[in-house]
Amino acid sequence: MRESASYTLKIKLILSARMDMTVNLEQILRTVELLLLNQSPAHDFQHILRVYRNAEMISRKEEGADLDIVLAAALLHDLVVYPKGSTKTINSADESAEIAKKILSEYKWYPAEKIEKVVDITRIHSYSKKLTPSTMEGKILQDADRLDAIGAIGIARTFSVGGSENRSLYNPKDPFCESDRKLDDTRWTLDHIKKKLLILKNSMHTKTAKEIAEQRTDFIESFLKQLRKEIMYRGSGQQ
């Protein structure tokens, strides 16, 4: 708990020190922190901070992005998140965008011409919508969010969601979907890794995100190899 609080404080101090930026991101950060109290672990305030960090890192390495837009959107992109099993899941990004617009409109210091851009990239960032951003800001936000869905944190979030949805960890007869059965991540959490996590690297837009995604996907592959040893052990004296 202390480490989490320390990290949040560090982000706030960094934001406060950026006098060259035209927006007061710290105020947005505090608003989001309050709105996401008691949110599910996979989409809580810590997820927002990780996506923010990813977005800032990518923006610094790539060219052509307006940090005011990218970072505000990173903080506001997941204000509404419906459970994965809900039919409303597809509406999460749209509703988050509407709330983001209301919040930014209340801040007189936030440039009016940038609000719609934040709203637009927030609407289309969602994986489930299968939309491709046309702006660098939109590409960076989508990359930043998808990076948090892979690697060690992606695995942790996947099983967190599976637990909240009361899904089994894997299909006991065919854990790695190697038969002719169809992947079903509404029943088996492990299926979601093959259905989504392993292919996310192919949807990254920026060079920076592609490199990180490759590394994180390699980690997932290593995890799956170890998992196979542990759950498919047959008592032969070898693992």
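The values are calculated or read from the model by the stated rules, or taken from the named source; none is laboratory data. Owing to the predicted nature of the structure, the values given are computational and were not obtained by experimental measurement. No Cβ is skipped: glycine too gets one built from the backbone with ideal geometry, and neighbour counts run over all protein chains shown. Areas reflect the complete protein model, heavy atoms only, side chains present, ligands, DNA and RNA absent. Shrake-Rupley method; radii C 1.70, N 1.55, O 1.52, S 1.80 Å.
Write down the accessible area per residue of segment 122-214 in Å², having rolled a 1.4 Å probe over the full set of protein chains.
On the way: 4480 Å² over 93 residues.
I get 48 Å² per residue for this part.
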Notebook entry, point to check: By accessible area of protein heavy atoms, probe 1.4 Å, what ranking do His205, His77 get, highest first?
Noted result: His205, His77
Next item on the list: Would you calculate the separation in nanometres between label points at Gln27 and Ser160, each defined as 7 Å from the Cα along the Cα-to-beta-carbon direction?
Entry: 2.9 nm
Checklist line | Accessible carbon and sulfur surface of segment 20-134 relative to its total accessible area, %, 1.4 Å | finding: 51 percent
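Please work out the FRET efficiency for the pair Arg187 and Lys225, using the Cβ-Cβ distance as r and a Förster radius of 30 Å; give the result to the nearest 0.05.
FRET efficiency, Arg187 to Lys225: 0.80.
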Notebook entry, point to check: Normalised by the number of residues in the chain, what is the relative contact order in percent for Cα pairs under 8 Å and 6+ residues apart?
Noted result: 17 percent
Next item on the list: Could you tell me how many degrees, from 0 to 90 and to the nearest 10, lie between the Cα long axis of helix 67-76 and the main elongation axis, the longest principal axis, of the Cα atoms of the chain?
Entry: 60 degrees
Margin query: Within 10 Å, at most 11 other Cβ atoms, and a DSSP state outside H, G, I, E, B define an exposed site. Report the longest part of the chain free of exposed GluC sites (Glu not before Pro).
Written below: 64-177
Margin query: On a straight-distance basis, which aspartates and glutamates could pair with Lys194 in a cross-link, Cα separation under 12 angstrom, same-chain partners fewer than 8 positions away excluded?
Written below: Glu178, Asp184, Asp185, Glu221
Item checked: Sequence of Lys102, Lys210, Lys182 from largest to smallest accessible area, 1.4 Å probe -> Lys182, Lys102, Lys210
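Give the ranking of Asp191, Asp185, Asp94 by solvent-accessible surface, highest area first, calculated with a 1.4 Å probe. Kindly include the intermediate steps, with their values, before the conclusion.
Values: Asp191 0, Asp185 25, Asp94 50 Å².
Result of the area sort, largest leading: Asp94, Asp185, Asp191.
Which length gain, in nm to one decimal place, applies between Lys195 and Tyr127 when the Cα-Cα distance is subtracted from 0.36 nm times their residue separation?
Working: separation 68, 0.36 × 68 = 24.48 nm, distance 1.25 nm.
Net length gain for the segment: 23.2 nm.
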Next item on the list: Note the full-extension length gain between Glu98 and Ser168 as 0.36 nm times their separation in residues minus their Cα-Cα distance, in nm to one decimal.
Entry: 21.7 nm
Check: What number of lysine-lysine pairs in segment 105-154 show an alpha-carbon separation below 20 angstrom, given a sequence spacing of 8 or more or placement on distinct chains?
Finding: 7
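How many times 2.2 N^0.38 Å is the alpha carbon radius of gyration of the chain?
Numbers: Rg = 19.1 Å, N = 239, 2.2 N^0.38 = 17.6 Å.
In units of the 2.2 N^0.38 Å rule of thumb, it is 1.08.
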Notebook entry, point to check: Once both labels are modelled 7 Å past Cα along the beta-carbon direction, what's the Leu34-Thr87 spacing in nm?
Noted result: 3.5 nm
